[in-house]
Amino acid sequence: MIRRSLALLLVVGSLLAGAATAATASGSGRRTLTGSIDGAQYLIEVPRRWNGTLMLFSHPYYTEGVGGNIGLANRPETQKWLLDHGYALAASDFTGRYGFAVEQGMKDQIALLDFFTANVGTPRRTIATGSSMGGAISTLLIERYPRRFAGAVAMCGPLDFQGTWNVLLDVNFAVRTLLAEPGQAIDLVRPRDPQAGTDALLRAVEKAQTTPEGRAKLALAGAIGNVTSWNSAVQARPTELAARLRQQAAVITGAHVYTFGPNARADLERRAGGNPSWNVGVDYTRQLARSTERDLVRQAYAAAPGASLHADLAALAAAPRIAPDPRAMSYMYRNVVAKGTAPAPVITMHNTGDGGALPENERWYAARVSDPNRLRQTYVNRGSHCAFTAAEEIVALRGLLSRIDTGRWPATNPARLNAEAGQLGPEHHKVFDYPHGDAPSVPSFVEFRPSNHPRSTP
């Protein structure tokens with residue numbers, strides 16, 4: 001779910017219910033509409049020769065204070081290609097913009113779709129798309145509003161929202177138990193001082209990286225949540241222990257603690273009416289045994305003679321557990337847990353080394369989809385979160401449109417997808433590598449079968 005905001009032009013305006021609508025036209029005849037609907041800012045771009053298809057983009061999770069304009073695609077080159085090929089684009093920034101705005105985001109996107117229909121025209125077909133949290137929203141939109149969407153492109157989504165929050169709890173629970181200073185009041189749920197708790201966990205992670213024993217314990221905390229030890233979109237998966245530990249620690253720091261630690265919990269619980277997450281009854285020894293990163297833990301403890309894996313697992317087993325609030329669990333199942341019942345086709349994309357949203361989410365989602373012929377899942381062999389080139393995004397969209405047009409999926413094997421992506425110009429072959437920025441890349445679709453989600457939602 002960590003993703004920078006795309007640098008797109010936002011023309012300030014207002015609309016609906018007596019407010020004036022802002023609309024501009026470029027030299028190419030493209031129309032831009034901006035404004036707000038019930039407090040949610042939006043952006044619409046309509047090419048001069050609109051082909052009748054609307055791409056409705058849902059944005060990622062934003063932390064408080066994140067700047068940037070409204071994005072219409074995951075990559076700016078993808079946005080340009082879509083407009084150049086006649087697609088209309090629209091996105092709501094969601095009321096409030098920040099946090100776990102899944103329920104509100106769906107309402108805002110449907111309100112924007114209604115506005116588009118009334119003020120631009122009725123789309124021949126509408127595709128729900130998005131990245132990270134927005135990728136999961138796209139799958140929920142076509143499920144909750146089946147008559148409004150022809151299909152969905154879901155990129156790097158935490159498709160199992162409930163399971164994802166449980167994994168985030170597991171990792172922070174392990175960091176607090178194994179690495180935080182004794183006596184510190186760190187509320188992982190129902191946080192009384194979210195910022196203080198976040199800061200304390202960040203200090204614990206930073207200190208852990210200074211000793212072999214700390215690094216081993218941190219590797220254990222990450223492994224119980226399948227936290228990847230590959231966090232680069234442009235470098236090969238590391239094999240050397242120190243590099244793997246550094247990259248896994250970066251994911252724990254950036255995603256699990258900074259973005260989705262106690263600060264995010266406060267937002268989640270405000271929306272859900274309590275804490276929806278739990279680890280009552282969870283066997284972390286068993287979870288480690290099934291982890292994709294268990295070899296990293298073995299190596300890290302072997303390199304730390306002062307650390308005991310047995311003792312640390314015992315400490316996790318003995319630590320007081322966290323129970324959920326039934327009302328909050330009900331909120332999640334009612335509003336954000338996918339059922340897999342959408343009648344429209346879905347294509348997904350995920351990085352094999354995604355630390356922001358586990359690729360294991362894809363296996364969970366596939367098991368829930370009632371008609372397997374409505375789903376195609378593709379994987380790109382990179383580390384990092386939402387690290388796709390525009391070429392990869394475009395060929396995935398083409399595959400979905402072919403399925404909608406013909407009723408049959410085209411070949412989506414990696415060789416064919418890579419060959420098709422390679423036909424696009426060099427401007428479409430850049431990938432974002434956090435925190436360094438854009439870098440050239442080659443098409444990297446790959447055969448991949450994710451493992452089971454460590455805390456999948458039943």
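Summary table below
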item: Residues (open to solvent by less than 10 Å² (accessible area, probe 1.4 Å), over 18 Å from residue 394 (Cβ atoms) and either in a helix (DSSP H, G or I) or of a type in the set (A, V, I, L, M, F, W, C) (or both)) located in region 143-166; result: 159, 161, 162, 163, 165, 166
item: Some residue of region 42-53 being modelled with pLDDT of 95 or more, within 22 Å of residue 152 (Cα to Cα) and open to solvent by 20 Å² or more (accessible area, probe 1.4 Å); result: yes
item: Options 236, 219, 243; residue that is within 25 Å of the chain's Cα centre (by Cα), surrounded by fewer than 23 Cβ atoms within 10 Å (Cβ to Cβ) and assigned to a helix (DSSP H, G or I); result: 243
item: Residue ID - farthest from residue 69 (Cα to Cα), chosen from residues in region 96-125 that are open to solvent by 10 Å² or more (accessible area, probe 1.4 Å) and among the β-branched types (Val, Ile, Thr); result: 122
item: Selected residue (criterion: least open to solvent (accessible area, probe 1.4 Å)) from residues of region 261-288 that are β-branched (Val, Ile, Thr) and assigned to a loop (DSSP other than H, G, I, E, B); result: 282
item: Residue 178 open to solvent by 10 Å² or more (accessible area, probe 1.4 Å) and of a type in the set (A, V, I, L, M); result: yes
item: Close pairs from region 63-88: first under 12 Å from residue 30 (Cα atoms) and in contact (Cβ under 8 Å) with a residue 24 or more places away in the chain, partner open to solvent by 20 Å² or more (accessible area, probe 1.4 Å) and among the aliphatic types (A, V, I, L, M), Cβ under 8 Å, at least 6 apart; result: 88/120
item: Leading residue by the ranking (modelled with the lowest pLDDT) among those in region 54-77 that are among the β-branched types (Val, Ile, Thr) and open to solvent by 10 Å² or more (accessible area, probe 1.4 Å); result: 66
item: Qualifying residue in region 316-338 (condition: among the charged types (D, E, K, R), under 18 Å from residue 228 (Cβ atoms), buried (at least 18 other Cβ atoms within 10 Å of the Cβ) and at pLDDT 95 or above); result: no
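The values are calculated or read from the model by the stated rules, or taken from the named source; none is laboratory data. Every value quoted in this text rests on a predicted model; they were computed, and no experiment measured them. With ideal geometry, Cβ positions are generated from the backbone for all residues, glycine too; neighbour counts draw on all protein chains shown. To get the accessible areas, we keep the full protein, side chains included, count just its heavy atoms, and leave off ligands, DNA and RNA. Shrake-Rupley method; radii C 1.70, N 1.55, O 1.52, S 1.80 Å.
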